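Trainee: Encoded as structure tokens, here's the structure I'll be asking about.
The values are calculated or read from the model by the stated rules, or taken from the named source; none is laboratory data. Since this is a predicted model, take the numbers as computed values, not measurements. Here the Cβ positions follow ideal geometry from the backbone for every residue, glycine too, while neighbour counts run over all protein chains shown. Each accessible area value is taken on the protein alone, full model and side chains, heavy atoms only, with ligands, DNA and RNA left out. Shrake-Rupley method; radii C 1.70, N 1.55, O 1.52, S 1.80 Å.
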Amino acid sequence: MAFRDIRVIGDPVLRTPCEPITEIDERVKQLVEDLLETVDADGRAGLAANQIGVGLRAFSWNIDGEVDYILNPRLVEVSKDEYQDGDEGCLSVPGLFFPCQRAWYARAEGIDLDGKPKVVEGEELMGRCIQHECDHLDGHLYLDRLDRLTRRKAFKAIREKGL
């Protein structure tokens, strides 16, 4: 396994939609190992494959002591009437946090390394993580979801940090 460097805002891989995994080979198994090792550090809740420079649909998470992964996730359900407005951050926008509205609950469906169906779902932080990582796999950053005034503040802070 390898602890991988995180790509930061400005890297084109973060804005490129990821390709579905069509074959579970050694490369995909290594990707999962790398995602699990890289997300398994203090302060890390989730990690999408493109954040480590791989354009495949996969992400890992590290929430409430659970470190796991999903391949080819599709966001299939979010709560329509319950939202959360807390601060959100991103390993690809290091050290900056801004209020971002997300659904309270989210559910994604995909597969595991054996090609069997896998479901990940949760509320609050897990729900936020699922939505955040699925956005990454579609080539979006959480900054895209900020209201106009907050987005302006965020990009000013990004410029000031030299990102």
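Trainee: Select from the stretch 62-79 the residues that are surrounded by 13 or more Cβ atoms within 10 Å (Cβ to Cβ), farther than 16 Å from residue 102 by Cα and of a type in the set (Gly, Ala, Ser) and list them in ascending order.
Mentor: Selection gives nothing.
Trainee: Kindly check whether there is at least one residue in the stretch 119-131 that is farther than 23 Å from residue 18 by Cβ and either touching a Cys at 6+ places or on another chain (Cβ under 9 Å) or modelled with pLDDT under 95 (or both).
Mentor: no
Trainee: What about residue 44, is it among the basic types (Lys, Arg) and open to solvent by less than 20 Å² (accessible area, probe 1.4 Å)? Don't jump to the end; show me each part of the working.
Mentor: On the way: among the basic types (Lys, Arg): yes; open to solvent by less than 20 Å² (accessible area, probe 1.4 Å): no.
No; evaluated as a whole, the condition is false for this residue.
Trainee: Further, regarding this structure: Within the stretch 90-120, can you find the residues that are under 29 Å from residue 30 (Cβ atoms), surrounded by 13 or more Cβ atoms within 10 Å (Cβ to Cβ) and either in contact with a helix residue (DSSP H, G or I) (Cβ under 7 Å, 6 or more places away or on another chain) or without any contact (Cβ under 8 Å) to a residue 40 or more places away in the chain (or both)?
Mentor: Selection gives 90, 91, 92, 93, 106, 107, 108, 109, 113, 120.
Trainee: Another question about this same structure. Return yes or no: is residue 133 in a helix (DSSP H, G or I) and open to solvent by less than 10 Å² (accessible area, probe 1.4 Å)?
Mentor: For residue 133, the condition - in a helix (DSSP H, G or I) and open to solvent by less than 10 Å² (accessible area, probe 1.4 Å) - is met.
Conditions tested, residue by residue: (1) part of a helix (DSSP H, G or I); (2) more than 15 Å from the chain's Cα centre (by Cα).
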{"residue": "113", "(1), (2)": "no, yes"}
{"residue": "119", "(1), (2)": "no, yes"}
{"residue": "129", "(1), (2)": "yes, no"}
{"residue": "156", "(1), (2)": "yes, yes"}
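Trainee: Is at least one residue of the stretch 1-13 on the phi < 0 side of the Ramachandran plot, surrounded by 13 or more Cβ atoms within 10 Å (Cβ to Cβ), among the hydrophobic types (A, V, I, L, M, F, W, C) and part of a helix (DSSP H, G or I)?
Mentor: Yes: one or more hits.
Trainee: Between 38, 22, which is in a loop (DSSP other than H, G, I, E, B) and not basic (Lys, Arg)?
Mentor: On the way: 38 fails: in a loop (DSSP other than H, G, I, E, B).
Of 38, 22, the one residue that is in a loop (DSSP other than H, G, I, E, B) and not basic (Lys, Arg) is 22.
Trainee: I need a count of the residues in the stretch 6-43 that are closer than 25 Å to residue 159 by Cβ and touching a residue at least 12 places away in the same chain (Cβ under 8 Å).
Mentor: Residues flagged as closer than 25 Å to residue 159 by Cβ and touching a residue at least 12 places away in the same chain (Cβ under 8 Å) within the stretch 6-43 amount to 10.
Trainee: For the stretch 61-85, which residues satisfy the criterion of being more than 12 Å from residue 127 (Cα to Cα), touching a residue at least 40 places away in the same chain (Cβ under 8 Å) and in a loop (DSSP other than H, G, I, E, B)?
Mentor: The one that is more than 12 Å from residue 127 (Cα to Cα), touching a residue at least 40 places away in the same chain (Cβ under 8 Å) and in a loop (DSSP other than H, G, I, E, B): 64.
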